[in-house]
Every structure is written in C-alpha cells, then in structure tokens.
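This report refers to the structure that appears directly beneath it.
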Amino acid sequence: MMAAAAHLLEMKSLTLLGSTGSIGANTLDVVRHNGHLYRVYALAAGHNVDAILQQIIEFRPEVAVLATSGGIARLAAALSDSGLPRPNWPELAFGPAALIETATAPAVDMVISAIVGVAGLEATYEAVRLGKRVGLANKEVLVSGGRLVMDAVKESGAELLPIDSEHNGVHQCLRAGNRDQVTKLILTASGGPFRNTSKHALHSVTPAQALNHPTWRMGQRITIDSATLMNKGFEVIEACWLFGFAPSQVDVVIHPQSTVHAMIEYSDGSVLAQISATDMRMPIQYALTWPERWQAPVPKIDWSQARHWDFAPPDFDRFPLLKLAYQCQEAGGSATCTLNAADEIAVEAFLKGEIPFPGIAAVVEETLSRMPNRQPRTVGDILEIDKESRSAACAIARELAGQQAAAAQPVPARV
Ligand code: NAD
Ligand code: MG
C-alpha cells in the first residue's frame, strides 16, 4: 500500500505501559514518525516524573498513570509549573487498578506492554482477555503466566504481537510457510559482554562491566540478564508459549553481531532468517502496523559494505541459567515464575555489589530447589508465587552475601 493511503485508515488509539523506559521511548519515536496511525490514549510509568511530563506535553494523552500517589502529586505540580493549560492535562491516576483501566478502556485499540517486571502482568492479561491487540515486550507476562495468558489469547482471539526482536523475527519468518511444517525455532543471542570471559574470570566481573552490553541499549535488568544469558532462557520460554513449540524444538545460537534475530527450520531442512538493523523500533513498528509494513525510522543494512556474521553454540557451563530455563519450561507449573522472581532478586543483589556474578545463578538455582512447584490458576496465584519466591531468594542472597563478606575478611595475624 502507498504511504499516502495510510491517512485513509482510521486512526487507532494506544495505551503505552512503561512509557519512560527503553521500549517506551522507542515506541513513542515510532508513533512520532507515524502520527497518522496512532494517537496516544494513555501513558503509564513507574516513578520518572520528568520523563512522563515531557511525553505528556508532546503526545497529549487522555490519561497518565504512575506507580504511586506521591508520584502523581509531583506530576501535578510539574504540570502546573510547565504552564500546560489545565484543560489539556490528562486525567491523573496511580497504581495497579489504574494500569488495568488504561489497558482495558473501550477507547483503546492497542496496548504496548513494556513495563519491566510482574507489575505489567495483570493489565496485560486483562487486555488480552478483552481481545485487544497487544504488542508484548514485557518478558514476565509469558515467563510467569504463560499458560494463563495463552489460554486467554485462545479464548478471546486477541492478537498478541511479540516485540522482543527474536520473537518478532520468528513471527515474520512463520508467515512464509505452514506452521506444522516447522521443525525448529532458532533464537540468536549476542552472547553479552562476557561471551569470551573465562569461567574463573566471571567471579570478579563488576556491575559496570555487566551493564556494558555490546550491541543493545536497554533497561538495567534485561542488560544483566543478557550478560548471564538468563534473558535468552526467558526467550526460549516465551517462544514455547507464543508459537506452541516444545523446549527441545527451540535452539539458541550465539551471533555477536545481533543482526540475524531469529531463524526457523522447515521439515525439508530449509532455514529462513529474519535480518534487520539492531534497532528495537523495527519490531515495535511491525507490531503497531501489522499486517501492513510502513517506512520505519530505522537504518537499513548496507550491502555494499563487506561483512561477516558469526554463529556458535552457547556455553551452558559458563552460563548455567540458560540450561535452567529449559529445565523449568520442561517442568511446567510455577517453575518459570520462580525462575523469574529469583533472578530479579539475584540481579538486584549483584548490582548492589552484594553477590558476585556467578552468585546470580547460584541464588536462582537454590531458590528453585527450595520452592515447591504448583500450577497457578489465576493472576493472584502467580503474584503470590512470585512474592514467596522473592522472599526465598532474598534470604538465599543474604546468606551468600554473608559468606562472601566472611571470606573477604582478612585472616587475623597470629600473635
Ligand atoms: P526499562 O527499565 O527501561 O523501563 C521499564 C518501564 O516500566 C519504565 O517506564 C518504568 O517506569 C516502568 N515501570 C516499572 N515499574 C512500574 C510499575 N510498578 N508501574 C508502572 N510502570 C512501571 O525496561 P525496558 O528495557 O524498556 O524493558 C521493558 C520490558 O521489555 C522488560 O520486560 C524487558 O525484558 C522487555 N524487553 C526490552 C527490550 C529492550 O530492548 N529494551 C527488548 C526485549 C524485551
Ligand atoms: Mg531479545
């Protein structure tokens, strides 16, 4: 379709959950470039008043949500100071109930789910239950609540469009053939900043080194998860839910250039790959415009330049969290919910300098061994398992931090 024809399409309205984060800002940039396609109905974020204020002034949503009443009070003050006339202010709201309202409001055509953590689960689930179109970036939705959410997708017929680049790549490749002739999904991983670091040297890597991702600029949690390959493990789990494959049919391959995002193998051995610049605005725009494609504000690959791309198998020994993700998905029930909750706590402890890098996997593994596996039936069950897993992981991280501190004490000199 010609770009001009887009103006003939009815403008759709968008709720953006997690507007001030990395995915949120990229989503608004896509909207900025496609002003004829979407108007922003609601923006929701955690605590960043300055960032959401600028977004409100530019995009004029009808509703703005922050995590706390204190945040909303600060936002009201900032709106007053900004000089934006009161009739142009959005309705201001806070907390989980407000997130659900903005995601399910009748006026909303599409929800972008880009809050980090289980805080994004319930609103996304309710949007899916209502049959809204959902662009999914948040990992925790499927890692913690995969069965529940996919059952709701089946029941409501909601379109769940993956924004994570690998799943978006699979989604694109699957359009080329019959789903039942696909034998394998192959997700690529950059390998993170420690791709070539020895197992021994991983004990002394710092949070600053782990936050220095070679190819992507993302939020802190996902950046550390990329360094441990936990992120890729979560993506294996998400791929199983999104596309209905067994873990044994989802392979991971290390591809440091992050340009091939995913591949699928058909039964005749033919492999299709999805290739695009390392830029999240591409998958975000794909989700916003699907099934159409429009010009995107994304660099194109310059084939006049010489290039080579590497592919190598992952090292499960140095990056045990990837293996653990496969095992949790095989185990089913609440294992993946516990995996995610424990990892979030362990990542926080690592970022605070309390545990070493390999301690992240140690805390997660120990939490899984202490938490009983059960089948969550509601979002409430998932949030409860998440909470229990966090508190178990906190205790385990504290034990490990204590052991580290004791080991670091200088041995008293003999007198
Ligand atoms: P980020 O940390 O940059 O942003 C997170 C957003 O969530 C912020 O707007 C924050 O204010 C908001 N938020 C946090 N707690 C909230 C709460 N209680 N209520 C409302 N809002 C809250 O994270 P990100 O990198 O943008 O990632 C967002 C999600 O997308 C994560 O689940 C991540 O794993 C996934 N993802 C990100 C990328 C990427 O390139 N950044 C790629 C694939 C998937
Ligand atoms: Mg990814």
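The values are calculated or read from the model by the stated rules, or taken from the named source; none is laboratory data. Every value quoted in this text rests on a predicted model; they were computed, and no experiment measured them. Counting neighbours? That spans all protein chains shown, and the Cβs are built from the backbone with ideal geometry, glycine included.
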## Note on the structure
Flagged in region 20-57 as closer than 23 Å to residue 96 by Cα and in a loop (DSSP other than H, G, I, E, B), in numbering order, are 20, 21, 45, 46, 47, 48
### Query
Quick check, is residue 189 within 16 Å of ligand 1 (Cβ to nearest atom), touching a helix residue (DSSP H, G or I) at 6+ places or on another chain (Cβ under 7 Å) and of a type outside the set (Ser, Thr, Tyr)?
yes
### region 96-123, subset touching a strand residue (DSSP E or B) at 6+ places or on another chain (Cβ under 8 Å) and assigned to a loop (DSSP other than H, G, I, E, B), residue nearest to residue 382 (Cα to Cα)
115
### Message
I'd like to know if region 219-237 contains one or more residues that are at pLDDT below 95, within 13 Å of ligand 1 (Cβ to nearest atom), not in a helix (DSSP H, G or I) and not hydrophobic (A, V, I, L, M, F, W, C).
### Response
yes
### Query
Just one of the numbered conditions (1) at pLDDT below 95; (2) not acidic (Asp, Glu); (3) not in a loop (DSSP other than H, G, I, E, B) is not true of residue 392; which one?
(1)
### Message
I'm checking my understanding of the structure. Among residues of region 201-223 that are closer than 18 Å to residue 356 by Cβ and in contact with a Ser or Thr (Cβ under 7 Å, 6 or more places away or on another chain), which one is nearest to ligand 2 (Cβ to nearest atom)?
### Response
211
### Count of region 146-183 residues which are assigned to a strand (DSSP E or B) and surrounded by fewer than 16 Cβ atoms within 10 Å (Cβ to Cβ)
1
### Query
Does region 157-179 include one or more residues that are away from ligand 1 (no atom under 16 Å from the Cβ), closer than 17 Å to residue 241 by Cα and at pLDDT below 95?
yes
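When the residues of region 227-254 are filtered to those that are polar (S, T, N, Q) and either buried (at least 24 other Cβ atoms within 10 Å of the Cβ) or not assigned by TED's automatic domain parsing to the domain that holds residue 265 (or both), which remaining residue is farthest from ligand 2 (Cβ to nearest atom)? Reasoning before the result, please.
Just the residues of region 227-254 that are polar (S, T, N, Q), to begin with: 228, 231, 248-249.
Among the residues that remain, those that are also either buried (at least 24 other Cβ atoms within 10 Å of the Cβ) or not assigned by TED's automatic domain parsing to the domain that holds residue 265 (or both) are: 228, 231.
Numbers: 228: 14, 231: 6 Å.
Among those that are polar (S, T, N, Q) and either buried (at least 24 other Cβ atoms within 10 Å of the Cβ) or not assigned by TED's automatic domain parsing to the domain that holds residue 265 (or both), it is 228.
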### Task
Check region 121-141 and report whether any residue there is of a type in the set (Asp, Glu), within 10 Å of ligand 1 (Cβ to nearest atom) and either within 18 Å of residue 237 (Cβ to Cβ) or under 20 Å from the mean Cα position of the chain (by Cα) (or both).
yes
